[in-house]
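Comments concern the structure below.
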Amino acid sequence: MKTVLKSITKKLFYTAPKAMQKKHLVFTDEQVNNLKDSLEKNYLDRGDTKSKLSKEEYNKAVNGQLFERLHYNRNRIAPWLHSIKNLKGVKILEIGCGTGISTQALSEQGAIVTGVDVDAGALAVAKDRLKIAGFDNTKLHLLNADEIQENFKKETFDFIIYYAVLEHMTIKERLDSLRQAWEMLPKDGYLAVIETPNRLWYFDSHTAAMPFYDWLPDELAFYYSKFSKRKNFQDTHKKDLNDENLVNFSRWGRGASYHEFELAIAPLGDLNVVSSLMKFEKTTFMKTGLKGLRYIKFLKSLNKKLHSGFCYPYLDIVIKK
């Protein structure tokens, strides 16, 4: 039985075509150590992070940054976007490029990536990573997502990607940035949203690890955080509830849904969602189970215009202009 399940799982989860795998770079031990040093200096050891994590947790974070996330992006995100438009020579504006993991994976396929992030430490790692990988000409910018139009108004992009970043923005920032991105895109350009938790989903696995958490109003969620099993998150409620702390609280991650896209871009029926990662990989059942399939069907039954990409636990969607 285990062998059968393993075989089914292997077929369901998408693997990059061999032609793409050949383009993957392999770092030497020295290069890996140099990148690890940069990670620890500029990113992982800030705010006394190391002392707050167990040795196992810290090593897992390092391993994720060095290997696991790169494998994920090479074998899932890059092939998915490549299936929509050949990445060779494609110009991409990546909002939320972080430490440059996805930037490297896309660059390996010939994409010309411009990275944007608000975290200077993460960008320092990205710069070191891309230099080691041979993409040291990649442009990286320390910017907020709602400043893209004024900084890139003379440039044209085939893709504008929000990578695990919408959930960390305030509602105003989300709407302003999405409007700007849509205006910047040429006809037939693509707007991609990756790894943003879905506000409509019944369980928040991103931030609080609790059911119905993303359905709560911000103030109630702020206080209710004390029931979270995530130790580094459950102390949020101990702070005073003021405007500054509420914004900082939202930076932990609050789900998004189709509502932001309707307000910033177009009515639901006019949003041309051309692809969603879970449907592309055919992994819906593996990731949601029977209960999840029923819930997805329930959400779609409430609004016939609702694309299935807005019904999955995470928003991994591409919208064509």
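The values are calculated or read from the model by the stated rules, or taken from the named source; none is laboratory data. It should be emphasised that the depicted structure is a prediction, and the values quoted were computed from it without experimental measurement. When we count neighbours, we look across all protein chains shown, and the Cβ atoms used for this are built from the backbone with ideal geometry, even at glycine.
Could you count how many residues in the stretch 185-195 are under 18 Å from SER275 (Cα atoms) and surrounded by fewer than 19 Cβ atoms within 10 Å (Cβ to Cβ)? Lay out the reasoning, then the answer.
Step one: list which residues in the stretch 185-195 are under 18 Å from SER275 (Cα atoms), which gives 185, 187-195.
Now restrict to residues that are surrounded by fewer than 19 Cβ atoms within 10 Å (Cβ to Cβ): 187-188.
So the answer is 2.
I'd like the full set of residues that are in contact with a helix residue (DSSP H, G or I) (Cβ under 8 Å, 6 or more places away or on another chain), free of Cβ contacts under 8 Å to residues at least 40 places away in the same chain and of a type in the set (Asp, Glu), limited to the stretch 241-267. Once the filter is applied, which keeps residues that are in contact with a helix residue (DSSP H, G or I) (Cβ under 8 Å, 6 or more places away or on another chain), free of Cβ contacts under 8 Å to residues at least 40 places away in the same chain and of a type in the set (Asp, Glu), the stretch 241-267 yields only GLU262. Residues that are at pLDDT below 95, acidic (Asp, Glu) and under 22 Å from the mean Cα position of the chain (by Cα) within the stretch 187-234 comprise just one, ASP218.
For the stretch 156-183, residues that are more than 20 Å from ASP119 (Cα to Cα) and either without any contact (Cβ under 8 Å) to a residue 60 or more places away in the chain or β-branched (Val, Ile, Thr) (or both) total 3.
Look at LEU290 and say whether it is in a helix (DSSP H, G or I) and at pLDDT 95 or above.
Values: in a helix (DSSP H, G or I): yes; at pLDDT 95 or above: no.
The answer is no for LEU290.
Let me confirm something: among ASN63, ASN75, ASN59, which residue is out of contact with any Cys (no Cβ under 8 Å at 6 or more places or on another chain), buried (at least 17 other Cβ atoms within 10 Å of the Cβ) and over 27 Å from LYS154 (Cβ atoms)? The match here is ASN75.
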